[in-house]
1. In the same structural domain as B:Arg302 (by TED's automatic domain parsing) and at pLDDT below 85, is that true of B:Ala274?
2. Within segment B:133-165, how many residues turn out to be surrounded by 17 or more Cβ atoms within 10 Å (Cβ to Cβ) and either touching a residue at least 60 places away in the same chain (Cβ under 8 Å) or within 16 Å of ligand 2 (Cβ to nearest atom) (or both)?
3. In segment B:108-142, which residue that is within 17 Å of A:Ala177 (Cβ to Cβ) and among the hydrophobic types (A, V, I, L, M, F, W, C) is farthest from the other protein chains (Cβ to nearest Cβ)?
4. For segment A:208-225, give me each residue that is surrounded by fewer than 24 Cβ atoms within 10 Å (Cβ to Cβ) and farther than 17 Å from A:Gly107 by Cα.
5. Report whether or not A:Gly234 is within 14 Å of chain B (Cβ to nearest Cβ), under 24 Å from A:Met288 (Cβ atoms) and in contact with a Gly (Cβ under 8 Å, 6 or more places away or on another chain).
6. From A:Leu185, A:Leu158, A:Leu108, A:Leu112, grab the single residue that is over 21 Å from the mean Cα position of the chain (by Cα), closer than 23 Å to A:Leu81 by Cβ and away from chain B (no Cβ under 14 Å).
Amino acid sequence: MTGLFSEVFLSALMFGAVTAAIPLLLAGLGEQMSEKAGVLNIGIEGMMLAGAYLGFVGAFYSGSLWLGFLTGAAGGVVVALIMALLCVRIGLNQIVIGIALTLGLEGLTALLHHFQFSRSYPRLPAADATVIPLLSDIPVFGPAFFKHHLIVYLALALVFAMGYLYRHTQLGLNLQAAGDKPAALDVAGIDVIKTRTIAVLTTGALAGLGGAYLANVGAGLFIPFISNGAGFLGIVLAMLARGRPVWVLFGALLFGVCLSLTTAMQVAGINIPTDVIQMLPFLAVMIMLVLFGRRASLPAALGIPYERGTR
Amino acid sequence: MGSLSSLPGADKRDIVVLEGVTKRFPGIVANDSIDLSIRPGEVHVLLGENGAGKSTLIGMLSGLLQPDEGRILVDGKLTQITSPRHALALGIGTVFQHMMLVPALTVAENLLLGGPWWQRPRTEELEARVAEITRSLGITVKLHAKVSELSLGEQQQVEILRAMVRNSRLLILDESTSMLTPKGIDELGTLMRRLVEQGLAIVFITHKLKEAAAFGDRISVLKLGRKVGEIPSERFRALGEQEIISEIVELMFGKQKDDPEAVECPIRTICVEAAPLLQVADLAVAPTDNTPGLSSISFDIRPGEILGIAGIDGNGQKQLAEALAGQRVATGGSVRLEGTAIEMLSVGERRQRGLRYLTDDRLGEGTVGTFPVSINFFLKQVGAAPFWRNGFEQRAEIDKRAAQLVREYDVRTPSLKTPVGRLSGGNIQKVLLARELAEGAKVVIFNKPTYGLDLANTLASRQRIRDTAARGLAILLISTDLEELLSMCDRIAVIANGALVGTVENVDDARTKVGRLMIGLAA
Ligand SMILES: Nc1ncnc2c1ncn2[C@@H]1O[C@H](COP(=O)(O)OP(=O)(O)O)[C@@H](O)[C@H]1O
Ligand SMILES: [Mg+2]
């Protein structure tokens, strides 16, 4: 058993946890913004897939990871644009459209990938890490937390940027009002449709970025259905985080540990059926929901399309 | 100028002028060619009962709704108020009937809502501005409390404050007193006076006569979407409060010329010796937080008689109907049907014995909107033979009887399977009538039976009620439409604050007598 708890192993486990957590974090932060503004964004899984696929394609042909992140985010935004048009502007049912978008994108990305690469799965070169001096020399924790790609640190910074946005800016107030009492925002002279659209597009960008990270850094390749429920986990995180970005971060890390543990246990060849091991993250979701689900406080107008002058 | 219901010609002092503004909703004309002029330094009262179209009218002034016809002039210029933002920019601030604050945010955050999105909220600036305004108005506001922690009165002050912070020139208050205590109402009155003295224009919407007379400078009366008259400010000043009130009563309840609803009251002969079918003595109901109670209600109704209950809406009409039907617990008194006490019986048992109640809430309480017309006929007999046997719906039986009722009551429905909620108000009412007047009805309570119906259906419903009385049933007709009562009833009782303040035989001068009772003067 010494192998399992060696320093190297622990360090790898935590490194994996962070890598697994970043897409969840980005999805969760994105979903949180939509929900704050009153839009339940179930299409986020589809946005992640679009981001993963276009992110991979962008990086593969340009050879630049950063360009890949950019195309990935753009892919998410395109899907979000459809969502915003149908659910925010026209006011169709958010759950129906969200599911349709996710299913549609699952098929579409798989199909496009098949046309392009047939049955081969070309890999990207390993992402180069930004090593933070001094901190990365700490035993066990150093290599786990301070040798990641730059985008990881940016994602962490985003947590605090979002916190600031919600708490200290006019836009933050507008978003919250759009989700809690859209009519009040409207009569205060702010366009509810515009505010919600901005939120949904931002969600798309973040989810797309999360997807691109998943493919380009996490896996180094694109395979169909690569998001594997990460978007849905993001929805759970956003709902449990009670509007606080920092709780999304904690939740994402917790799930990240579970996901990483799953991989680690499989690698270590521990004598438990893999099916059981793979259930671990979902077990964690269940436990979190049972423990905190009741305290989740959702915006009053979540999921309800807004139309001026109706009652 | 000056004479009743003449439109004061557009004045260059007017901030906002409405000319022939019409707004339609599916199946209803909410505003029918309304003219209105609003001036600085004046409280313009918009008076009318629920559903008169007051909120719709101000919806158009605040940019929430667009008129279908007519013009709106702001500062004399033709203006289309396209959005709430536009209305605010024009200096029109509205305190809506329903609270428009975000409960989860603080008062300050609510006041800041609407600033440019890229900015940090300017809290210090706001605090200074609020301090200045609250000082001049003599109110205090807790800027850093969450809105959900404030009382309704405090929330309302926040909304007024918001209009002031935004430099409104015209302040619209929609039914702002309905949530306030009497003291709060007085304070609001004082506040409005101070604001108009500062040169603001105020539109104050209410359905209460007393407030209109006490706080207004000018009154426009709305009735069923139409403006039926105006008391201009010159005239307002010349009259005492009581004279104003009786003038308003005349406008609200008086006979209009060329009124298509006017019909001669048919002379029915009621057998005076017959024993009353319904006897109510000292009926009482405890008040709740938002409904008035009832106290010592007593009356008799004989076979073939229609007893009217007149009164301003919200004075206990619904409570009376529900207490009689058994839907509301009475705290005292007795109700006798054909001499037998029924006050301890359940809703179903009372119905069984022939007491029927037609609610004014046709879709909410009266029918199940998503159920087909056919089932709605028998909602109150669910499970009973012949329409249900051993727990199974007898479709053939139901459809046969339903088709018969549809024919008999002239229900215009595409089919028996159509969900009742899709029908127009008049046809839903017919379904209710058919159900309640069916087998075994002896006493029928109607609550606002023609409310919201178009003219043809109104007249049809009234005829149906008259016919029912002619068959020897006892009718209690609750209505806020005095015209209706005068055209149908044998006697009219007036309800005010949950008590019957007088009963009038429906003969020559009943109109004035009832009108005086309604506003608290002896008949
Ligand atoms: N958005 C709407 N859609 C359909 N009907 C409406 C709408 N708003 C108001 N109405 C109808 O218009 C009429 C007038 O309503 P409203 O202006 O709210 O009256 P008031 O404020 O005088 O009580 C009512 O019959 C109401 O049912
Ligand atoms: Mg209203």
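1. Numbers: in the same structural domain as B:Arg302 (by TED's automatic domain parsing): yes; at pLDDT below 85: yes.
So B:Ala274 passes the test.
2. Final tally of qualifying residues: 6.
3. Only one residue fits best here, namely B:Leu126.
4. Taking segment A:208-225 first, the residues surrounded by fewer than 24 Cβ atoms within 10 Å (Cβ to Cβ) are A:218-221, A:223-225.
Scanning segment A:208-225 gives A:Gly218, A:Ala219, A:Gly220, A:Leu221.
5. Working: within 14 Å of chain B (Cβ to nearest Cβ): no; under 24 Å from A:Met288 (Cβ atoms): yes; in contact with a Gly (Cβ under 8 Å, 6 or more places away or on another chain): yes.
So A:Gly234 does not fit the description; no.
6. On the way: A:Leu185 fails: away from chain B (no Cβ under 14 Å); A:Leu158 fails: over 21 Å from the mean Cα position of the chain (by Cα); A:Leu108 fails: over 21 Å from the mean Cα position of the chain (by Cα).
Exactly one of A:Leu185, A:Leu158, A:Leu108, A:Leu112 is over 21 Å from the mean Cα position of the chain (by Cα), closer than 23 Å to A:Leu81 by Cβ and away from chain B (no Cβ under 14 Å), namely A:Leu112.
The rows are residues; the columns are (1) buried (at least 19 other Cβ atoms within 10 Å of the Cβ); (2) among the β-branched types (Val, Ile, Thr); (3) out of contact with any Leu (no Cβ under 8 Å at 6 or more places or on another chain); (4) under 30 Å from B:Ser424 (Cβ atoms).
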residue: B:Arg466; (1), (2), (3), (4): no, no, yes, yes
residue: B:Ser479; (1), (2), (3), (4): yes, no, no, yes
residue: B:Gly498; (1), (2), (3), (4): yes, no, no, no
residue: B:Glu505; (1), (2), (3), (4): no, no, yes, no
residue: B:Ala510; (1), (2), (3), (4): yes, no, no, no
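Matching residues to (1) at pLDDT below 95; (2) within 22 Å of A:Gly75 (Cβ to Cβ):
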position: A:Gly3; (1), (2): yes, no
position: A:Phe9; (1), (2): yes, no
position: A:Ala12; (1), (2): yes, no
position: A:Ala20; (1), (2): yes, yes
position: A:Gln32; (1), (2): no, yes
position: A:Met47; (1), (2): no, yes
position: A:Ala50; (1), (2): no, yes
position: A:Gly55; (1), (2): no, yes
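The values are calculated or read from the model by the stated rules, or taken from the named source; none is laboratory data. Remember, it's a predicted structure, so these values are computed and weren't measured experimentally. Because the Cβ atoms are built from the backbone with ideal geometry, glycine has one as well, and the counts that use them run over all protein chains shown.
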